[in-house]
Amino acid sequence: MDLSNVPSLISHSVSRFLAQKHKLHIGGEWVDAQSGATFPVEDPATGLQLAIVPAADKADVDKAVAAARKAFESGPWPKMSPIERGKLITRLAFRIEELADELAEIEAIDGGKPLPFARHSDMVQTSVTYHYMAGWASKLNGEQIQLTGGGDFHAYTLRQPIGVAGLILPWNFPQILLSYKLAPALAAGCTVVIKPAEQTPLSTIRLMQIIEEVGFPPGVVNLVTGMGETAGAAIAEHMDVDKVAFTGSTEVGKIVARAALGNMKRLTLELGGKSPMIVFPDADLERTIPGIAGAGFYHQGQVCTAGTRIYAHKSIHDRLLDGIAEHGAKMTPGHPLQPGTLLGPLISNEQLQRVSGFVDEGRKAGADLWSGGKRIGNAGYFIEPTILANTNHSMSVVKEEIFGPVLCAMSFEDDDLDTIAKAANDTPYGLGASIWTTNLSIAHKMSSRVKAGNVWINTHSAFDSALPFGGAKQSGWGRECGFEAMRAYTEIKAVCAAL
Ligand code: NAD
């Protein structure tokens, strides 16, 4: 892998952005962290420093929450009509579309995602989500309620914004996942404090500039960059934050849930996964092979819904794995900005060590290395798309979320759907699952048996702003996208008048 031409691939506008002095955005002002602390952000494909950003702590979070509270209670935001609020969100969506090339480039170098994916998937989904949610701003109705006791009463519900929302994000899809939270929060009339992941704060800093330019009133959207244990924890436990929307690991999700108890703040948690992919003997392999390779290897497997456990019928098991391995081998590794790159780096050296450690552990436990498994090059944090076959449910590679391009394959012979579903459901997670078959009846019967927030048939990780998304079991609480997202940022008030 030759990375020597990378500096020349960075556009003028992104170079200029990276060189800026990055700040927090609180109450409409760009400010340093009060402690003056900063941290470096690196390009995971080269390990080189991209920028330095402020490391906010509790004092900065207090200030940001106070600004969000003020903007929620007074000033132009609470007086703005729903249509005006929706128009502002739409304006933001259009501006993201106009600046999509630049935002995608920042996303690609900061997070290690090949540029075409960042441009044609992340940025498209992001702008569509703002467009979609903008419409809900003017459609938030309560309902008239018929009381069981009859009598002269007029009873109805109001759907009102929850208040100040803390949005805590992971590093794998910074803009898509932010849009899943920010767009409905704004549509509902909430104000927010955003904390991006420490590994990938850059596209959100750029977005904050766009939010300011579009004309959101000061304090409606506040941005604090910083570490999870300081800035993130301060948001989670803050007594004046009414709601936290968290996406990240199940482990940290539990910490956030405990912290949120202090003031019983509302919570949505989008957590880890270990999604099964069940392949029946009648599956169309022409379609299934690239589908499963994409499910497991897209963005180097650093996807919460990544398909990671293959349950393949014995009759097609070897053909399927050979096909997926062939796909993996064709994924050209490279810097996300280099044309032709299909496989970027893992996010960090720590993640590379973790993923390699899992592969070693799986092999020691008796799994067969069907393909891949090795680090690629010495610069950056690249690893080959990997398949471990002959795995079983006692192995850590099958039980735990690896968050790398590692597929664990198992086979079945029994045609009993309950037995197959039992294996697929034998996990604390319940985020996604896919079923690959040409038999409509099997597809739907399995969909109802698999315990997951999202089930896909003959596809995997298909998302849409209108389709509720979230996890069952330890993969989370609540749903994002669709009208479900509006429920997550609003509170129902029942009003009952004696006439
Ligand atoms: P993480 O849990 O390490 O961090 C997520 C965020 O939480 C970061 O902003 C981090 O700074 C912050 N944080 C860390 N400690 C905190 C604390 N004590 N209090 C408050 N905030 C804290 O996750 P990650 O490594 O950034 O992302 C990978 C994980 O995210 C995987 O488990 C993946 O499955 C999950 N994920 C889930 C979804 C989903 O929608 N379900 C989507 C993407 C990623």
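The values are calculated or read from the model by the stated rules, or taken from the named source; none is laboratory data. Treat the numbers as computed from the prediction; the structure is a model and nothing was measured. In this analysis, Cβ positions are derived from the backbone assuming ideal geometry, glycine residues included, and neighbour counts consider all displayed protein chains. These accessible areas exclude ligands, DNA and RNA; they are computed on the full protein's heavy atoms, side chains included. Shrake-Rupley method; radii C 1.70, N 1.55, O 1.52, S 1.80 Å.
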Considering (1) touching a strand residue (DSSP E or B) at 6+ places or on another chain (Cβ under 9 Å); (2) of a type in the set (Val, Ile, Thr); (3) buried (at least 24 other Cβ atoms within 10 Å of the Cβ), say which one Thr126 fails and leave the rest. (1)
Pairs, first open to solvent by 40 Å² or more (accessible area, probe 1.4 Å) in the stretch 239-264, second within 7 Å of the ligand (Cβ to nearest atom) and part of a strand (DSSP E or B), C-beta under 8 Å, six or more apart: Val252/Phe246
Consider the stretch 168-197. How many of its residues are more than 6 Å from the ligand (Cβ to nearest atom), closer than 20 Å to Met486 by Cα and part of a loop (DSSP other than H, G, I, E, B)? 2
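Within the stretch 217-233, take every residue that is under 23 Å from Phe72 (Cβ atoms) and surrounded by fewer than 23 Cβ atoms within 10 Å (Cβ to Cβ) and give me the one that is farthest from the ligand (Cβ to nearest atom).
Taking the stretch 217-233 as the starting set, the residues that turn out to be under 23 Å from Phe72 (Cβ atoms) are 217-226, 231-233.
Going one step further and asking which of them are surrounded by fewer than 23 Cβ atoms within 10 Å (Cβ to Cβ), we end up with 217-218, 233.
On the way: Pro217: 26, Pro218: 24, Ala233: 4 Å.
Ranking the candidates gives Pro217 first.
Take the residues in the stretch 300-314 that are in a helix (DSSP H, G or I) and in contact with a Ser or Thr (Cβ under 9 Å, 6 or more places away or on another chain); name whichever of them is surrounded by the fewest Cβ atoms within 10 Å (Cβ to Cβ).
If we filter the stretch 300-314 for residues that are in a helix (DSSP H, G or I), which is where we start, we get 300-301, 314.
From the residues that got through so far, the ones that are in contact with a Ser or Thr (Cβ under 9 Å, 6 or more places away or on another chain) too are 301, 314.
Values: Gly301: 23, Lys314: 11.
Among them, the one singled out is Lys314.
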Of (1) touching a residue at least 24 places away in the same chain (Cβ under 8 Å); (2) within 20 Å of the chain's Cα centre (by Cα); (3) over 20 Å from Pro161 (Cα atoms); (4) in a helix (DSSP H, G or I), Thr200 satisfies every one except (4)
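With respect to Thr308, determine if the residue is in contact (Cβ under 8 Å) with a residue 12 or more places away in the chain, under 13 Å from Ser434 (Cβ atoms), out of contact with any Leu (no Cβ under 6 Å at 6 or more places or on another chain) and within 13 Å of the ligand (Cβ to nearest atom). Talk me through it step by step, then tell me what you get.
Working: in contact (Cβ under 8 Å) with a residue 12 or more places away in the chain: yes; under 13 Å from Ser434 (Cβ atoms): yes; out of contact with any Leu (no Cβ under 6 Å at 6 or more places or on another chain): yes; within 13 Å of the ligand (Cβ to nearest atom): yes.
Considered against the rule, which asks whether it is in contact (Cβ under 8 Å) with a residue 12 or more places away in the chain, under 13 Å from Ser434 (Cβ atoms), out of contact with any Leu (no Cβ under 6 Å at 6 or more places or on another chain) and within 13 Å of the ligand (Cβ to nearest atom), Thr308 comes out as yes.
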Single unsatisfied condition, Pro276 versus (1) within 16 Å of the ligand (Cβ to nearest atom); (2) under 30 Å from Tyr489 (Cβ atoms): (2)
What are the residues in the stretch 234-256 that are part of a loop (DSSP other than H, G, I, E, B) and within 10 Å of the ligand (Cβ to nearest atom), if any? Gly248, Ser249
